[in-house]
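The values are calculated or read from the model by the stated rules, or taken from the named source; none is laboratory data. All of these numbers come straight from a predicted model, not from anything done at the bench. All Cβ positions, glycine included, derive from the backbone under ideal geometry; neighbour counts span all protein chains shown.
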Amino acid sequence: MKYVDEYRNERHVAGLAEMIKREVTREYSFMEVCGGHTAAIHRFGIPSLLPGEVKLLSGPGCPVCVTPARYIDTLVALASHMDITIALFGDLIRVPGTLISPGEAKASGADIRIVLSAHEALDLARSDPQRKVVFAAIGFETTAPGTALTLMQAEKDLVRNFYVLNAHKVMPPAMEMILRQGARIDGFICPGHVAVITGAAAFDFIPQNYGLACAVTGFEPADIMLAVLMLIRQVNLGKPRVEIEYARAVSAGGNTMAGRYMREVFEPEDAEWRGLGILESGGLKIRECYRRFDAGIVFPVDIPEPEADITCICGDILRGVSKPSDCPLFASACTPDHPQGACMVSAEGSCHSFFKYCCHE
Amino acid sequence: MCLSLPARVLKVEGDMAEVSVGGAVFRAGIQMVEDLRPGDYILLHAGFAIAKMKEDEALETLRLLNEIEASGSGTGKAGPGDDTGGRA
Amino acid sequence: MSEKITLSHGSGGRQAQKLIRDHFIPRFGMNGPMTDSAILSAPSWAIAFTTDSYVIDPLFFPGGNIGKLAVCGTVNDLSVSGAAPKYLSAAFIIEEGFDMDELDEIVASMADEAESAGVRIVTGDTKVVEKGKCDRIFINTAGVGLLSGDLVHVSSGSTIKEGDVLIINGPPGDHAVTILAARRGLTFDTPLLSDCASLNHLVRTMVEKPEAVHFMRDLTRGGLATVLNELAVMRGCTITVNEASVPLHESVRGLCEILGFDPLSLASEGRLLAVVAADEAEAILERMRTDHHGRGAVVIGRITSGREARVILNSSTGGQRFLDMPSGQMLPRIC
């Protein structure tokens, strides 16, 4: 596959591993904040290619993992209405809410369908005007423009039975929160696909205000290794900046059209990130003019406040302070088959990835 | 799903395009990219094209990777401390 | 408008007799009186016996249908146990209102597949349930095969040793991806077909020297990753697979990449894994490639140690990781 296979070249990866080994002068900790990076790093065995001095940490980059249990509870409550169809991405089906997951609700007869896009959910609504279709809109800046475009289309076509239960979030506030809480890292492997939309400049505050290295990174093994080399060099030279490794898709200014669509439909809002708490401007809210599509307003449900679980250390793992293996529940009470916390729930979550691809003794 | 992958444009029809990811055909909304033609590559994410892949930049990255590989085998020119060529 | 199955077709009376007489017997070649049990002769070999139920959705898919699958699946379970498949039973549970033409097509596929596999369908049953009580049609097939003493070891892998080589007969995952695509209305540049196939003739080419084949299993639900993990635990051995050696159809790779599936965890219905003695591997591969279903046969890895129960994947980009047992349900009703 073009633009993919060329960056999976074994010789390039070996060359990068060799160069990294030569240039390492101390210990380094780099954090990635994207579920896609978590998965790729484990899938391609990147840790096995890096010297021990280079540590890769997994931060809060999985949109499923940082979605609060309340959101799932709301989806499940909506699904119990006879005339509502829930349309969601496959990642959500097994996420546990306070009591059950959407998959379990489906098994009990709820009309829950997996879709591959927001426009597929809109098509569902169009095909059956008798049913109310609620699309579970999760994801970061990469995904929000698609939801925005779909709402604009629904408005234009006067579709009356389409709704969105919105939980879109934005990355930079979470990265800032991690730094403010004192995470000891030397730099970020910045999320390449978020950057396609926001532009690499969205991360300028990190070297400017915190003096940390940044590389906006693609998702193939050569991309990740090249980004690690870039970060090591920035640290060694004492010249932190935002470097674009993923130049074939990312520019400094980002996708301005996508940005316009996002701003047309959404505005910033304080939002709860599972494991991190409330982040100022950490989420997106549907604007007044599109509020008739907002399922959270149109279908209010009564969800009891869940009790906090004190043994699960997902919050620490998401902040990069602890490793999955540090958690008392890891691989015993909490496994991919019966996940307890956010990080094990999604296939891209730190604990899930760690369990699947690394040692789990 | 939340993955993004490069896809080849097969057909453009108004606001939508038919794209192929290694042979699997999908429909993508193309409102966020301009001037798409069959044969172009886009980045497909959750049913939308979020960017057009830049061939010149792709080749530049590959050139850099080749250089790094060559320097490891002792025949190249790049060395420690050299600018890795990332665009900032 | 074509005829439909009704409850009276399942009631044992005249309509039921007519259904069996007109739609099942001629196609399955069942001659002789209709008795409660088929009486078969059995030479003094061990008998391998298996059963499987088929609830696949959709019923008809590129490369086959539920009927073809019902024969292949059971034939393959017998074949990879080292047995020569001989006789099958076929039991149908049909929803009231099911289309008779579709039933005929399914039954014809079963008959065709049985003939090409060289097995006979000798007994069966039909039940009809009210609308809504089953999803169109479910089929169960049970099968018996004859197992000679020199192949008893292949199902347990008791003769597996370090250095043995892993062979697969073609790219895995075609069936699962075909079904997923059919369900979602996805298409491909080059049409993808289910790999659903009877493998008994292929297996016969492989076991010319029975002591050289140490283990066989067919790759169904859970795919290659599941079979390898089960084997590692069963024999307490470490298995190493080279990702670059595992063939994959481009469409399967593309779909898996965009949907986040691991192709090594996806179901096939015409692929097997064999563990063979290293010095016989070349000869076995050559013989496999003379069979239609063995043309893509390749070595994908080896048994690398006899101590720890682990499956290691050498990534095609040079890294290494564990290939774990897939968890959760990737795709429901895949067979």
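Odds and ends about this structure:
- Neighbours by Cβ (under 7 Å, 6+ apart or cross-chain): first from region B:30-44, farther than 14 Å from A:Val250 by Cβ and at the interface with another protein chain (Cβ under 8 Å from one of its Cβ atoms); second among the basic types (Lys, Arg) and part of a loop (DSSP other than H, G, I, E, B): B:Tyr41/A:Lys2
Matching residues to (1) under 26 Å from A:Arg180 (Cβ atoms); (2) assigned by TED's automatic domain parsing to the domain that holds A:Thr198; (3) surrounded by 14 or more Cβ atoms within 10 Å (Cβ to Cβ); (4) basic (Lys, Arg):
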position	(1), (2), (3), (4)
A:Ala252	yes, yes, yes, no
A:Thr256	no, yes, no, no
A:Tyr261	no, yes, yes, no
A:Glu269	yes, yes, yes, no
A:Arg274	yes, yes, yes, yes
A:Ile278	yes, yes, no, no
A:Gly283	yes, yes, yes, no
A:Ile286	no, yes, yes, no
A:Gly296	no, yes, yes, no
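- Candidates are the residues of region A:201-245 that are hydrophobic (A, V, I, L, M, F, W, C) and not in a helix (DSSP H, G or I); the one that is nearest to A:Glu10 (Cα to Cα) is A:Phe219.
- Members of region C:208-225 found to be surrounded by fewer than 21 Cβ atoms within 10 Å (Cβ to Cβ), part of a helix (DSSP H, G or I) and out of contact with any strand residue (DSSP E or B) (no Cβ under 6 Å at 6 or more places or on another chain), listed by number: C:Pro210, C:Glu211
- Any hit, region C:55-77, residues being assigned to a helix (DSSP H, G or I), under 24 Å from C:Ala176 (Cα atoms) and in contact with a Pro (Cβ under 6 Å, 6 or more places away or on another chain): yes
- All of (1) at pLDDT below 95; (2) buried (at least 20 other Cβ atoms within 10 Å of the Cβ); (3) within 14 Å of chain A (Cβ to nearest Cβ) hold for C:Val241 with one exception: (1).
- Residue check, A:Met152 in contact (Cβ under 8 Å) with a residue 12 or more places away in the chain and touching a Phe, Trp or Tyr at 6+ places or on another chain (Cβ under 8 Å): yes
- For region B:12-23, taking the residues that are more than 17 Å from the chain's Cα centre (by Cα) and within 10 Å of chain A (Cβ to nearest Cβ), the one that is surrounded by the fewest Cβ atoms within 10 Å (Cβ to Cβ) is identified as B:Asp15.
- Flag for C:Thr290 being surrounded by fewer than 19 Cβ atoms within 10 Å (Cβ to Cβ), in contact with a Ser or Thr (Cβ under 9 Å, 6 or more places away or on another chain), polar (S, T, N, Q) and part of a loop (DSSP other than H, G, I, E, B): yes
- Any hit, region A:55-71, residues being within 28 Å of A:Ile303 (Cβ to Cβ), modelled with pLDDT of 90 or more, more than 10 Å from chain C (Cβ to nearest Cβ) and touching a Leu at 6+ places or on another chain (Cβ under 9 Å): yes
- Within region A:73-100, if we keep just the residues that are among the polar types (S, T, N, Q) and crowded, with 17+ Cβ neighbours inside 10 Å, the residue that is nearest to the chain's Cα centre (by Cα) turns out to be A:Thr74.
- Contacts under 7 angstrom Cβ, first residue in region C:27-47 being part of a loop (DSSP other than H, G, I, E, B) and of a type in the set (Phe, Trp, Tyr), partner at pLDDT 70 or above and surrounded by 11 or more Cβ atoms within 10 Å (Cβ to Cβ), 6 or more apart: C:Trp45/C:Leu146; C:Trp45/C:Leu147; C:Trp45/C:Ser148
- For region A:1-37, the set of residues classified as farther than 30 Å from A:Leu179 by Cα, assigned to a helix (DSSP H, G or I) and either within 7 Å of chain B (Cβ to nearest Cβ) or of a type in the set (S, T, N, Q) (or both) consists of A:Glu6, A:Arg11, A:His12, A:Gly15, A:Glu18, listed by residue number.
- Among the residues of region C:129-172, those identified as farther than 23 Å from C:Ala117 by Cα and assigned to a strand (DSSP E or B) are C:Val129, C:Ile137, C:Val165, C:Leu166.
- Residues of region A:78-97 that are among the small types (Gly, Ala, Ser), away from chain B (no Cβ under 13 Å) and outside any loop (DSSP other than H, G, I, E, B): A:Ala79 alone.
- When each of A:Ala247, A:Ala213 is tested for being out of contact with any Pro (no Cβ under 9 Å at 6 or more places or on another chain), over 13 Å from A:Glu141 (Cβ atoms) and modelled with pLDDT of 95 or more, the lone residue that passes is A:Ala247.
- Selection status of C:Thr178, outside any helix (DSSP H, G or I) and either over 14 Å from C:Met288 (Cα atoms) or touching a Cys at 6+ places or on another chain (Cβ under 9 Å) (or both): no
- Unique residue being touching a helix residue (DSSP H, G or I) at 6+ places or on another chain (Cβ under 9 Å), among the aliphatic types (A, V, I, L, M), under 25 Å from A:Met152 (Cβ atoms) and more than 9 Å from every other protein chain (Cβ to nearest Cβ) when the list is A:Ala271, A:Ala258, A:Ala249: A:Ala271
- All positions within region A:101-134 that are crowded, with 23+ Cβ neighbours inside 10 Å and hydroxyl-bearing (Ser, Thr, Tyr): A:Ser117
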